[in-house]
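The values are calculated or read from the model by the stated rules, or taken from the named source; none is laboratory data. Quick caveat: nothing in here was measured; it's all calculated off a predicted structure. Methodologically, a virtual Cβ is constructed for each residue, glycine included, from the backbone with ideal geometry; neighbour enumeration extends over all protein chains shown. SASA here: full protein model, heavy atoms, side chains in, ligands and nucleic acids out. Shrake-Rupley method; radii C 1.70, N 1.55, O 1.52, S 1.80 Å.
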Amino acid sequence: GDSVTQTEGPVTLSEGTSLTVNCSYETKQYPTLFWYVQYPGEGPQLLFKVPKANEKGSNRGFEATYNKEATSFHLQKASVQESDSAVYYCALSSDSNNRIFFGDGTQLVVKP
Amino acid sequence: DAGVTQTPRHEVAEKGQTIILKCEPVSGHNDLFWYRQTKIQGLELLSYFRSKSLMEDGGAFKDRFKAEMLNSSFSTLKIQPTEPKDSAVYLCASRGHFNERLFFGHGTKLSVL
C-alpha cells in the first residue's frame, strides 16, 4: 500500500544553518505530493504542493523536488530562522483511492 | 473564505462519558477527514467522508468512535465511552478534490480524566 517515511525528529539547528528533512514515499499510482507545517496550537497548513514528477515546489524559502525515480520529496531550506520552528509533515495524495497519507512529522527546533 | 471550524477548542471529560466534537468544513468541499493527533502516534485517520458518504472508518477506532456527516456543512465525532487513552488533539480537515490541499481546523484538545 501507499506510505510516506520522513526524517525522525526532533531536528535542532542554529539560526542561519541549512535544513534537509528527508521524505520517501511508496505508491504504485501517480500521487500529488505535499509538505505541511504545523505551529503550536494550530492545525497543519499547506507549505506547498507538487502535482507532477520532476517539478519543484517552494514557499517561504523552503523547497522540494518531486523525484519520481528516487521516490523522494526532501524538504530543504538554505538558512533557517527561529520562526521556522514547527512540525513538518510530508504527505501524498493518491489518485486511485482519494486517500491522503502523512509521514510521522519532523519537529524542527531552531535556536537563536 | 472561511476555513474549517471546530468546536469546542478544549474538552474535559470524565472516564466513561460521551462527548461529541463538531466540525464545519470549508463551504463547497467534498471531502472531510477526522484525525487524532498525539506526539507518539502522530496523525491517525479516524474517518473519511466523500460527498457525505463514509469512505473509510479507521479500523482501530471503530468500537467507540463514530463520525457522522449530517449534511455537507456539518460533521460530528462521537466518542462513547471515553477512556483516558483518548486524550489527544482531534483535527478535522476538508478539501475540494483529491489532489488539492487539506484545510485543517485548529483542533479540539480532549482531556479524559
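I want to confirm something. Restricting to region A:36-62 and keeping residues that are in a strand (DSSP E or B), away from chain B (no Cβ under 14 Å) and not charged (D, E, K, R), which single residue is farthest from B:GLN37 (Cα to Cα)?
Among those residues, the one meeting the criterion is A:SER58.
Picking from B:VAL89, B:VAL26, B:VAL112, which residue would you name as being at pLDDT 95 or above and in contact with a Phe, Trp or Tyr (Cβ under 6 Å, 6 or more places away or on another chain)?
Only one candidate qualifies: B:VAL26.
Can you tell me which of (1) modelled with pLDDT of 95 or more; (2) open to solvent by 10 Å² or more (accessible area, probe 1.4 Å); (3) within 18 Å of B:LEU102 (Cβ to Cβ) is the one A:HIS74 doesn't meet?
(3)
I need the full set of residues from region B:83-110 which are more than 8 Å from chain A (Cβ to nearest Cβ), farther than 17 Å from A:ALA91 by Cα and not hydrophobic (A, V, I, L, M, F, W, C), in order please.
Correct list: B:GLU83, B:PRO84, B:LYS85, B:ASP86, B:SER87, B:TYR90, B:THR108, B:LYS109.
Condition check: of a type outside the set (D, E, K, R) and touching a residue at least 12 places away in the same chain (Cβ under 8 Å). Does B:GLN80 satisfy that?
yes
Could you list all residues from region B:1-60 that are open to solvent by 50 Å² or more (accessible area, probe 1.4 Å), in a loop (DSSP other than H, G, I, E, B) and free of Cβ contacts under 8 Å to residues at least 60 places away in the same chain?
B:ASP1, B:ALA2, B:SER27, B:LYS39, B:ILE40, B:GLN41, B:SER51, B:LYS52 - these are the residues of region B:1-60 that are open to solvent by 50 Å² or more (accessible area, probe 1.4 Å), in a loop (DSSP other than H, G, I, E, B) and free of Cβ contacts under 8 Å to residues at least 60 places away in the same chain.
Of all residues in region A:77-96, which are polar (S, T, N, Q), touching a residue at least 60 places away in the same chain (Cβ under 8 Å) and in a loop (DSSP other than H, G, I, E, B)?
A:SER79, A:GLN81, A:SER94, A:SER96
Any idea which of A:GLY16, A:GLY9 is touching a residue at least 24 places away in the same chain (Cβ under 8 Å), assigned to a loop (DSSP other than H, G, I, E, B) and under 15 Å from the mean Cα position of the chain (by Cα)?
From the options A:GLY16, A:GLY9, the qualifying one is A:GLY9.
Only residues that are surrounded by fewer than 19 Cβ atoms within 10 Å (Cβ to Cβ) and within 15 Å of the chain's Cα centre (by Cα): list them for region A:27-51, please.
A:TYR39, A:GLN45, A:LEU46, A:PRO51
Any chance you could count how many residues in region B:90-111 are touching a residue at least 12 places away in the same chain (Cβ under 8 Å) and crowded, with 18+ Cβ neighbours inside 10 Å?
Count: 14.
Somewhere in region A:63-86, is a residue touching a Phe, Trp or Tyr at 6+ places or on another chain (Cβ under 6 Å) and within 13 Å of chain B (Cβ to nearest Cβ)?
yes
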